[in-house]
Amino acid sequence: MTLAVPSGTEASVTPAPRVCLDCGAVLGGKFCSACGQKEEPLKRSLKDLALEFFQHPLIDTKLWKSLLPLLLRPGALTLEYLAGRRTRYVRPLKLYLTVSVLFFALLALKAPATETFKVQLSPSSTGGAAPTPEKDRLHLPIRWLDERLQRNTAALDDPNGAAARQALSQRIASLMPKVIFVLLPLSAVLFKFFWWRRYFVEHLVFTLHLHAFAFGAALLMLLPWEPLAGVYFVWSSIYSSLAFKRVYQDSWGVTVAKLLGVSLAYAMLVAATLLVAAFSALLAA
């Protein structure tokens, strides 16, 4: 017996053609023949995000195409990345590392670490107050660490301990890039608490772009023109509000409320991280 196949059945089961998420061209393989972007899923894992650092050149013409939207179009790079349009811009991790390394390199050339992170004598060392009683000093429960803390603190308070203070300043300065790099995943975790329905990697991409903007805009602060500080503060505030609004697509009321909570929590997170870094630098002597 022969079964009749209704007309149009074959067309109904024919899979839709795969298209490039960047330019929309029909894909014939793993790479787009029009723009060259590799076919990738919209949702990225932490492993995929890390591998992007090694799969693309460090500095190319895409860097200049990425800097303009990074500095002037809040949230644009994050939205482009999450939408799958990734070939035309520098990937998030590489963009952050490139801009932050440039900032810290220029900062080191402009001002030495001993001026940027200056360690000064305590009032007791300059005769302005009585020495701190033993019972009021900070002590650690581990004996060898406490001995090191007391020795290093005494060296810093010594009027002749300029070399020790300079060495501490240099250690703190060397830790700053690492401290801020640690803040990146912590910031993403913080964003996850406020926007828990979004994937963690989406938060991580957003915080990479936010910190890259912070360093990129801060490069202007290195120029010898004082009004730039005010421009940086005003634009950073506007930029953050617009970026959170565009990426998370909440109403303005919800965006402002969550942004206030995020800002307060982030300030506490930064303060705690810097305190740990300074304490680690002090014990490392």
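The values are calculated or read from the model by the stated rules, or taken from the named source; none is laboratory data. Quick caveat: nothing in here was measured; it's all calculated off a predicted structure. A quick note on method: Cβ atoms are made from the backbone with ideal geometry, for glycine too, and the neighbour counts reach across all protein chains shown.
The residue that is farthest from the chain's Cα centre (by Cα), among those in the stretch 199-236 that are aliphatic (A, V, I, L, M) and exposed (fewer than 13 other Cβ atoms within 10 Å of the Cβ), is LEU223.
Checking each residue in the stretch 240-263 for being more than 15 Å from LEU186 (Cβ to Cβ), among the aliphatic types (A, V, I, L, M) and either in contact (Cβ under 8 Å) with a residue 24 or more places away in the chain or surrounded by fewer than 16 Cβ atoms within 10 Å (Cβ to Cβ) (or both) picks out LEU242, ALA243, VAL247, VAL254, VAL256, ALA257, LEU260.
Considering the stretch 143-192 alone, what residues qualify as being outside any helix (DSSP H, G or I), free of Cβ contacts under 8 Å to residues at least 12 places away in the same chain and surrounded by fewer than 15 Cβ atoms within 10 Å (Cβ to Cβ)? ASN160, the sole residue that qualifies.
Only one of LEU140, LEU58, LEU72 is at pLDDT below 80, surrounded by fewer than 16 Cβ atoms within 10 Å (Cβ to Cβ) and within 20 Å of the chain's Cα centre (by Cα). Can you tell me which? Testing whether each residue is at pLDDT below 80, surrounded by fewer than 16 Cβ atoms within 10 Å (Cβ to Cβ) and within 20 Å of the chain's Cα centre (by Cα) leaves just LEU58.
Residue by residue, here is whether (1) closer than 20 Å to ARG91 by Cα; (2) small (Gly, Ala, Ser); (3) assigned to a loop (DSSP other than H, G, I, E, B) holds:
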position: ARG197; (1), (2), (3): no, no, yes
position: LEU210; (1), (2), (3): yes, no, no
position: ALA217; (1), (2), (3): yes, yes, no
position: LEU220; (1), (2), (3): no, no, no
position: ALA229; (1), (2), (3): no, yes, no
position: PHE233; (1), (2), (3): no, no, no
position: SER237; (1), (2), (3): no, yes, no
position: GLY253; (1), (2), (3): no, yes, no
position: VAL262; (1), (2), (3): no, no, no
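Filtering ALA243, ALA277, ALA212 for residues that are small (Gly, Ala, Ser), farther than 17 Å from PRO74 by Cα and either touching a strand residue (DSSP E or B) at 6+ places or on another chain (Cβ under 6 Å) or in the same structural domain as ALA111 (by TED's automatic domain parsing) (or both) leaves a single hit, ALA277. Checked against (1) touching a helix residue (DSSP H, G or I) at 6+ places or on another chain (Cβ under 8 Å); (2) modelled with pLDDT under 85, PHE104 passes all but a single condition, namely (2).
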